[in-house]
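Remarks on the structure that follows.
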Amino acid sequence: MDYVFAPPPPPALAVAGRAERLPVHRIYCIGRNYIEHAKEMGMPIDRATPVFFCKPADAIVADGATIPCPPQTADLHHEVEMVVALHSGGQRIAANEALRHVFGYGVGLDLTRRDLQAAAKTKGLPWDTAKAFDRSAPVSAIAPAAKAGHPLRGKLSLEVNGRVRQQADIAEMIFSVPQIIHELSKLFTLAAGDLIFTGTPAGVAALKPGDAFHARLENIAELRGRIGLAEHPNGT
Ligand code: MN
């Protein structure tokens, strides 16, 4: 196949205990999946209709990186989330079949330009500029379910500069992983390499240049990183 320019290699994540990497196809995210976070955002709790949005696959950032403070925001927020990685997919996947499609689990941050999101909500506009920006998806190495199993409970936490900012149990999710996969697969054709951010608990807050973060999904994954200076300091 000839291309008019060389296609970039696929974005990829490390896999715990293996040399092979996981190529990332798409990134899906669910919003308002923990009751206390929906409350802190002033949003209603809807147990019937999940809120989904996407990030580009090349928004992923590997463990240990420094992420330059993104432009056009004065309120960059952290949202610590369990991340599910698929090794197969399809359409209209039944909830009781969904876990067969899961390759493994990690932990990530759904970085959010909260000020742009608030403005978009007010105007009824899309969330892309608030959610789908460059390097908005730092994710840990993925722990294969074949080794670690499928976690139904476990502590999800985020420390910033050594202080706990967010802490909950993944058992508190409103939509479980099988339910999320079922609902997403009614809307999209899921595929190998898809990542799903499963929602954040309460405690979202701002990150500033120099902040060091440490996200953990108990017994599964850890993610460290740092927020750096803006690449173009006069661009905001
Ligand atoms: Mn989120």
> Which residues, counting only those in region 192-229, are of a type in the set (A, V, I, L, M, F, W, C), away from the ligand (no atom under 16 Å from the Cβ) and closer than 19 Å to ASP58 by Cα?
Replying inline: ALA192, ILE227
>> Just checking, does region 52-69 include any residue being over 27 Å from ALA12 (Cβ atoms), at pLDDT 95 or above and surrounded by fewer than 17 Cβ atoms within 10 Å (Cβ to Cβ)?
In response: no
> List pairs: first in region 15-35 and free of Cβ contacts under 8 Å to residues at least 60 places away in the same chain, second in a strand (DSSP E or B), Cβ under 7 Å, 6+ apart or cross-chain?
Replying inline: ARG21/ALA12; ARG21/LEU13; ARG21/ALA14; ARG21/VAL15
>> Can you go through ALA141, ALA168 and tell me which one is of a type in the set (Gly, Ala, Ser) and within 24 Å of ALA57 (Cβ to Cβ)?
In response: ALA141
> Considering ARG113, ARG135, which residue is over 15 Å from PHE52 (Cα atoms) and within 13 Å of the ligand (Cβ to nearest atom)?
Replying inline: ARG113
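Kindly check whether there is at least one residue in region 208-228 that is in a loop (DSSP other than H, G, I, E, B), under 30 Å from GLN72 (Cβ atoms) and touching a residue at least 60 places away in the same chain (Cβ under 8 Å).
Within region 208-228 (the criterion being in a loop (DSSP other than H, G, I, E, B), under 30 Å from GLN72 (Cβ atoms) and touching a residue at least 60 places away in the same chain (Cβ under 8 Å)), the answer is yes, since at least one residue qualifies.
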> Of all residues in region 22-45, which are on the phi < 0 side of the Ramachandran plot, crowded, with 18+ Cβ neighbours inside 10 Å and among the charged types (D, E, K, R)?
Replying inline: ARG26
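Give ALA19, ALA14, ALA48, ALA6 a once-over and let me know the one that is exposed (fewer than 13 other Cβ atoms within 10 Å of the Cβ), in a strand (DSSP E or B) and more than 12 Å from the ligand (Cβ to nearest atom).
Going through ALA19, ALA14, ALA48, ALA6 in turn, just one is exposed (fewer than 13 other Cβ atoms within 10 Å of the Cβ), in a strand (DSSP E or B) and more than 12 Å from the ligand (Cβ to nearest atom): ALA19.
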> So PHE188 fits all but one of (1) over 21 Å from PRO56 (Cα atoms); (2) surrounded by fewer than 17 Cβ atoms within 10 Å (Cβ to Cβ); what number is the exception?
Replying inline: (1)
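Tell me whether region 183-192 contains one or more residues that are under 14 Å from the mean Cα position of the chain (by Cα), touching a residue at least 24 places away in the same chain (Cβ under 8 Å) and not in a strand (DSSP E or B).
Scanning region 183-192 turns up no residue that is under 14 Å from the mean Cα position of the chain (by Cα), touching a residue at least 24 places away in the same chain (Cβ under 8 Å) and not in a strand (DSSP E or B).
The values are calculated or read from the model by the stated rules, or taken from the named source; none is laboratory data. Here the structure is a predicted model, which means the values were calculated and not measured. Every residue, glycine among them, receives a Cβ derived from its backbone with ideal geometry; neighbour counts consider all protein chains shown.
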